[in-house]
Structures are given as structure tokens and as C-alpha cells.
1. How many of the residues in segment 193-219 are surrounded by 23 or more Cβ atoms within 10 Å (Cβ to Cβ) and of a type in the set (Lys, Arg)?
2. Which of the residues spanning segment 33-62 are more than 45 Å from the chain's Cα centre (by Cα) and either aromatic (Phe, Trp, Tyr) or assigned to a helix (DSSP H, G or I) (or both)?
3. Would you confirm whether or not segment 154-161 contains a residue that is of a type in the set (Asp, Glu) and closer than 24 Å to Ala586 by Cα?
4. Helices (runs of 4 or more DSSP H) wholly in segment 347-447 with at least 2 residues that are at pLDDT 90 or above - which ones?
5. Conditions: (1) in contact with a Phe, Trp or Tyr (Cβ under 9 Å, 6 or more places away or on another chain); (2) within 30 Å of Gly839 (Cβ to Cβ); (3) surrounded by 17 or more Cβ atoms within 10 Å (Cβ to Cβ). Ile948 meets all but one. Number of the miss?
6. Please pick out the residue among Ile115, Ile90 that is of a type in the set (A, V, I, L, M), over 28 Å from Ile528 (Cα atoms), surrounded by 19 or more Cβ atoms within 10 Å (Cβ to Cβ) and touching a residue at least 40 places away in the same chain (Cβ under 8 Å).
7. When you scan segment 1009-1027, how many residues do you find that are part of a loop (DSSP other than H, G, I, E, B) and farther than 18 Å from Leu735 by Cα?
8. Of the numbered conditions (1) out of contact with any strand residue (DSSP E or B) (no Cβ under 7 Å at 6 or more places or on another chain); (2) closer than 30 Å to Ser32 by Cβ; (3) surrounded by fewer than 19 Cβ atoms within 10 Å (Cβ to Cβ); (4) not hydrophobic (A, V, I, L, M, F, W, C), Asn109 fails exactly one; give the number of that condition.
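The values are calculated or read from the model by the stated rules, or taken from the named source; none is laboratory data. The structure presented is a predicted model; accordingly, all values stated were derived computationally and were not measured. Neighbour counts run over all protein chains shown; Cβ positions are idealised from the backbone, glycine included.
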Amino acid sequence: MPIPTLLYGPSFDRLRTEAFTRINPQANDPESILFVEANTAQHDAHRTYWHTEHDPLQLTVCELSDVVRRAHDRLIAPIPEVDTLDRQRIIEQAVADSSHFEKPRQYTNFVSELIRALEEAGYQTPDAITTALSTTDLPSERIDVISEIVDRYSTYRDLIAHPAAQPRSQLYESLANTSGSLTTAFPSVETIILSGYTDPAPVEVAVINRLAEEFPLTILLPTTNGNTADPIDTDGADRHLARTHEAYEPLEYTTEYVPSTDQTQLQTAVSRMYTHAASTEPPVETDTVSWHTAPTPDREVRHLARRLREQLADPTRPSPDETRILAPGLLTYRDQISDIFAEYGIEYTTSLSILLEQTYAGRAIQDAIALCIEETSEPLTRLATNPVVSLSDIDTAALVALERRYRPCDLETLKGRSRSKWLTTLTQIQQSVTRAQSNDGTAAIHGIANLVETLKLETNVENLPEDVEGGYERRAISRAKRILQSLLRICEHDELDIDDPLTEIEQAFEGVRVPAPKQHHANRVRIIGLEDTLMADCEALYVLGATEENLPGHQSRPRYFQQIADAAGVLPADRHQELARYRFGAIVSNADSVHITTPKETMDGEQILPSALVEELDRTATVTQTSGLADERRGSCEDVQRALAGSPPDKLEELLNGPSATETFTPAQIESSRAGAECASNRATPGPSVHDGRLPTESLDEVGDRLTKQPYSPSRLNTYAQCGFKYYLRNGFELEEPDEESADTGRFAIGDVVHETLERFYTELAKETTGGVDLTEYDETDLRQRLYAAGKEAVADSDESFSSPFDRQQLAALFTGIVPPEDNRFFLGTDEGDEESTGLLVEFLRREQRDGDWQPRFFEQWFDGEAGPIQTPDGTELPVSGLIDRIDLDTETPAAARVLDYKTYKADTNDVIRGIDFQLLAYTFGAERFLETELGDPHQRVEAGYRIVKPPTTITHKQSLPKTIESNLEIPADQFLQTVAPRRFTEITEAIETGTFSPAIVGEDTAKCQYCAFSDVCDVRHHRRFEAIEAIDNHDLPVYVPDGTRPGDLTEHLEVTADE
């Protein structure tokens, strides 16, 4: 029997080199050398190292499990292992069936870990586990709990798993005890190298012992304590190796220390960690360890990227292949690494697994399950916006808009309000959801599968590029399919009673990890986890996220299970911490330089503690510490922008035209930066500029007359008064605000029907008289019949179908009581349509009959100045036009007229006084010109006002403009119309014609920014509006500022008093 050799020492590279050197020179046959490496991330590195000087066919690199599987197949029988996911489902059911845990699901992983450790310790049957625990001091009730769960686990395993399948530990044990020779399974192997198995389980030790009996065996054991005499005397970071020596003791190996080529200062510092020397001896003087504290994790990754960019740009410094990033908290940092490294042009690979929900495919499957559970629009919207999901014939943007409007709503409601071409896909989704909600587990799983098929998830993922992200997505799909298959095997057995299949499915997808895809590592920086550190030698090591949470992290095993493990002699409580210290110390010892980064606080401002391992290293070595952002090299466009931020344009141009800058930046980049600085400088000023609402003459000319075309409608002037930028987009670019997604026609369509009904009603009555319409001359029933007929025609001539239940309800409310129910085509057969109820049209007619001496005379009357200039009392000509709903004449007061504008929504006459609404002013002056032309005599008194006609029954007559002026401002209305109105018309038209289109300065509520369709592209700054107004006044800029939006009392800005 050959005697195994244990090579130990601090250098990964020297250990591997020494092992290869000791190989029998006669071992030249293919597959004659078997390298058993626990760290799969280093398999390729070992092959590459051997291939540089030897025949590639001689070396085989694998894990111990690969050795066991091959030997078991050849010596005993090809028996499959219990599938990992099947095992998880089996344990879930075993724990769920136990009555000892209130929330069994949260203990599944701990039970699984405990059972695996007991199996690896050689307890392969429920009886063996019960017997072993019975000899301990554990309370009998706790032994009964574990025995019951293990017994169910064994029963369910026999029921669900492959009939011949065995746990992995049982395969190990069978191979260790077989009488056959392992040379039969490995006839070409002449020597074996074992690496990375620092804490082998008993069944692993048994297999290693069999290998040592039949093959020359060399064990590689990296150490950090610097002890050259006796590796069993473990101390410091090597305390974890005490278990290693204890496990390998039956091998009766010989030991040999392999020194480093040169003992480095880092190795000396690491050897003192967690020893008495750390307190008694001064720190090792070294300039190869640095520690940077960044403000936040995002800044931490950006700092690391800058350092890497600088290093990789220097050919004299370590290359990407010689660089490692240790990221123990990669799950937390993954998104920042992906985005920032791409920005800095750093190519990298990682062998770490990620959570299923961190992939698009995994998130889609979890959202599909959530849709089946909630059956609401929110998870459907998340699915529609997922880039690997396709919903046939459904417009994603329209679906999102619809969901936002009716949130929350169920699928049936969403389906009823959606577009007709969506119905096929939505019906398929609804059918799959209904099937997934079945109490039968098999049907529920098939329902989920059908839903995933409807989403075209697998097809879309297969079409992704063959890169790392695409690899993760494909593995996520594969993992999800295997989970569903494992669940299906559970549900196929009636003995396993699953009360809530959907909840079972949902929980099965929680915390699932997706392994990293195969990647090309050449010329790329490797990002590794703490478990991948052994034998990962490098020249430059970066430790990202070295916080207490990530390094070493926290052992979360509940005390209940830890006590059971302690009694059984498995899962030592201190193993996690000691293993982390050992792995961290080992990789630091093998680096030429180490740069550690930690964040100071989270993005939410919560303080983050640095790792105790880093603080211990700081005790044993002189670590150079930095913090913040100062003096960092610039590594991306954003870095340059931040460094030059705030520089005035002239200073910036001077900096960028310097010798060093012109070597880096092209003339186009310098001009772009100067223009950007000029833009930033202008945007920083409160008043309008060429970068904030003022169009240069050439730009105004390019737009043409779309902005300045006369005459102006009151609605155009109102838009400009509220927000010049909205006016610019609507008129200059002719952008239309998108219609709301709805199955209902909306209030505007109903409003159009109301307007059209009233116009038709009065137009027909006016044909029967040469003067104004006198409603008292008509019978009440006749008036109602005429009004109903006008409304029916308006509905019929409308472009809308009014087919939704809401539309029919609105029309019913509009026509209620106007004619008897049997004659009313809009009657819904409810109490709302009986003869005693009254709708909007009935209320309108009643209000009209109370108008006294006013008689309607002109309807839908257009004015535009063609018959003569429209003028204010002071002679100012107004370039305005408009359509007046109605002009009434006073039968008792000659030359008195009244303008009425119907509104089916809220309208406030006070907005005219404040300078935001120009409609009533324009109608006042337009009506005066029209009446003078039409009737041949000037009308000295025209009152304008709003009549609110709002469904279902609101009829309100607002106070007229003259009365509002006199009651609110205490000045004569004529004075307002003679002085204030002309000035406002002049200011607003001049502002438009000079090209000033600033975002709103009237305040957020007045501008109604919350409802603006252009808010996403608008840089309005309400908090600075008073500064902007002050700048406009101080520099006499041609900007229209509504008087009512200025600070202080309105009367202070009107430039008119009662004394005038």
C-alpha cells in the first residue's frame, strides 16, 4: 500500500507545481494522472497549467463525486442518485406532514441540511439515525421529532424517486466498502492528486482512504500560519484545518512543507491573524494592502471600476487573467457590477449562482404564479413589460395605461375594458389561470405550464444571444422546468395530500439558485466567491463588499437544530466562521497586492459595518486607508462630467484646450462639452434663456407660422398662459396628447352630445322667430319633445358607439324624465328613469325658463375680425377668433347682451381676473364686434359668463365676468376691460411672437402638471418660479406672466385703481 503524501504551504502555485513535479516520470499514458479538485472554478486553471509543458491527454481533472460515480457504475452497478429537486420536494412534504412545527416551510432547509450531514456521517437509515441520537443527551421528544421526519423522508423517497435511486452518501459508502479493486474502474490511472477537501465528510474520507490504498496519493493543503514543522499544530486563520488533519489521520500520511518562492509581507501578516502575535508584535510594514471606504455600494463599485480601468490600461501591471475580485456579497452587487463595468469597458466572468428572480425568465414565471394566485391586472402588467415575454396582439403600453387607470382590477374587469383584438390572448391566459387554481395538483401544474407556453417564454429565451446573460436565462428556464417536473411527481401520488397546490408551487420557486453558465475566462477579470478561493492564485486581488454581513456572513441555523447537530457530532457551530477566516487568509496570502473596499452606508442611509476579517488584517499589517471620492482617477465619461461639473463655459473651454486634454478629447468632444456647460449655466439661471424656453430666431423660422399663426383661439392663449412649453409642443410640433385607454367613451364625448343637443334645440326654435327665442310661448311638453329629439339626433350623429354599461348609464341620466319612459329609447328600466326623476336636460330646461328678460338670439356664432377689427375699448386690435355657444339679448335693456359658454366640467371666472383664462375676454370683445355688424348698432354692455351643464344633473350659472370683477376687485368692470385686458392681450401675443416658450411659472396646481401628457419631457421648476418672475421683471424680458400668479395681492399688479 503506497503511503500518501500531504504537501502543505502558503503558495497555491508552489503546491501545484511541486505535486506535478513528483509525478512518476513513467506516467505518460492518457488519463494516467487524476487531479481531484473540490473547487470546480479551478478545473480549467489546472488543465491550462499542465498543458503548457505536458501532454493534455495525461491529466484528468474532476471532483470526488465524479470519481465515485464512475467507480460505482463499473464496480457495483449504474445506480442513479436521488435527484436534488426531488429530494427537496420529499423533505418539504416530510416536514409539512409533521405536526411539531407551526410554520414547517421555513424549517425545510435546516432539516435538509441536518439529514444530509447525518447521511454523510454514515447514518443511512431511519433506524440508524434514531439509534445514534438515542445515545445522546437530547430530550426524547426532540429525538422523536427528527425520527418521525426522517422516517417520512425515507418513505416518500421510496415512493417518489427512481426505484433504484440512492442518496449520494450511500453511493460513497457502497464504494468504500466494495471488495472490488478501484484499479478496475481506473485502469489507466497511475497517480492521484487531491486538492480542496479541507473538511471532508466521513463518507468522503472513506472513499479517499480506498484511493490511498490503491494509488499513490498526494494531498494539497494550503496553509497560512507559516508553521514549517508540524501542520497539525494549527493556529490563527488555519484553525479550521484541525478538522482536516483529524479526518485524514487514518491515512497515516507523511507531510512535507512547500515554501513560497519568496516569503511576502502579506503572508507574514496573514500568518499572525487571530494569534497572540497580532497583539504583541507591531503590524507588518507593507505597501501592498489598501482599504477604501466609499459613501455607498454604488460608489464602491464605481471606485473599484476606476482602479481596475487604470490597472488594465498599464501593460506593466497585472493583466485580467492575473486579477481576481473576491465578492462574497455578489447577489447584492450584481446589478451595479453589470451596469458600471459595462460603462467602464471592463470584461469579466463569474462562476457564482444567482437567484431565480434575478433573471427575466425567473421573474416571469414567478409573476405567472402570482397572476394565478391574485388574478389581478398588476402581475399581468409586469409580465407584459418583461423583455422575454410575448403577449400576442396586446399593445404593452396601452395595457400599462389601462392598468394604471383602473388599478386595482381583476382579470375579468380588465378583459371587459380592453381592446377587442386582445380578447383571444386574454381568454387563453384566463383559461390557464382558472386551470392553475384547481385543487388538483396535477391540473394546477399543467395550468402553470400552459400559461408559460402562452407567454412564449421558452421560445424568446432560446432566441437570446449566446452570452453570459443569455446563459443565465436559459438555465433559469431549465431549472424552472425541473421544479415543475419535481412537483408533478409529488402530485401524482395520492398518499401525499396537498391542500393548496398553488401555494406549494409558489413556495417551491422561492430562494431557487441558478448556476452560472459556461464562460470564456481568457483575458477577462474573474469574480469569485469565498467558496472559490482555494487554489485561485492571482497577482492583484480586489475584495468587494468586505462587510460584516457578507464576510464571513452570519450563521443562521436555529438553536433547535444546532443542538441536534452537536449531539450527533455533525455541523459544528463554529465551522462557518473558521472556514471563512481560512479561505480569506489563504487567498490574501497568494496575492501580490490586495485592495479592499467597503461602503459606509446603504442608499437609505443605514450604517454598514466592515468585516471583522478586514479589521483583523488591519491589526497585523499597515493597511493604507482612503475614503470618499477625492483624488480618484477618472475612468469613464461620467467621471469626467462630475469632475468638470459647475465650471463656467469659458473656464471649461480653457481646461479642455490644455495640452493634456487635447491629447484625450477630440475637437468635437470639446465643443460638445463647452455647449453642455453653456446649457447648464443657462439652465441654472432662473429666467428664460436659449436653453430654457427662448427660441433663437432661426429656430422660430424653422417651425414656421404654426406657433405665431393669427388669429389666436382663446384655447391657444389659455394653454400658453398656463405653460409656454406645452403650447410649444402642441402647436410647434403638433403633438397630440394620447387618448385615455378605456372601453368607455369618456366625459368629453358626453359633453359633445350635450353641446350638440342644446345647439340643435335652440337653432330649430330660432327658425320660428325673427327675434330672440321666448320659451314662455311654448307648451312644456312640446319643449321636452323638441329637446329629446335634438338629443336623440346628437347621439345618432356622434362618432361614438356609447356601448359600454357606463356610457348607457350616462345617457340614461342625461335623458331621464324628458319624455315618458315608454317613449325614451335611453330608459334603462330602473327607478332612475321613472317620470318623477329628472335628468340633465330637464334641469336645463327648468333653468332656462327662469332667465327672465334674457332671450337666446344667436347660436354657435363665429368671430374672427373679417367683418371688422376686434378691438378693446382703448382701440387695441385683437388677433383672436372663436366660436360663441350662445348670445342672449335683454328685452328690457336696449344694447345689452349676454354671452354664455357651456361647460360640461369645472370652470372658474376668477381665472379670467388672474390672467390665466382669455376665453370670456375674447368672447366679450368678439361679441361686441359681431353684434355691431349684425344688428347695426353698438352694444355698449356685453356680459360674458359660463353656464355649467355637467352630467348627471348639475346646472349652474356662474356669475358674469363684469360682476366678478366688481365684486372681487372693487373696481369698475369697464376700467378692467379698458386697461388690464388690452395689456394682457398685447403681452401674451408679443411673448409668443418673440419665441418665448418657458415651462410653467404659474404654479403646479394652476398648470395641472400632474395630468400633463408631456410631463416626462418637461423640466419645469415650480420651486423657482418666483425667482424666474423676478428675473423677467428685472431684465424686462418679453414673457407673459399672469397677474394672479405673482407674489402678493392681485390688485398690486393690475395697474388700475377704483379712482381711475
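1. 0
2. Within segment 33-62, Trp50, His51, Pro56, Leu57, Gln58 qualify.
3. no
4. Here the list reads 360-374, 377-384, 423-436.
5. With (1) in contact with a Phe, Trp or Tyr (Cβ under 9 Å, 6 or more places away or on another chain); (2) within 30 Å of Gly839 (Cβ to Cβ); (3) surrounded by 17 or more Cβ atoms within 10 Å (Cβ to Cβ) applied to Ile948, the lone miss is (3).
6. Ile90 is the lone residue from the list that is of a type in the set (A, V, I, L, M), over 28 Å from Ile528 (Cα atoms), surrounded by 19 or more Cβ atoms within 10 Å (Cβ to Cβ) and touching a residue at least 40 places away in the same chain (Cβ under 8 Å).
7. 2
8. Failed condition: (2).
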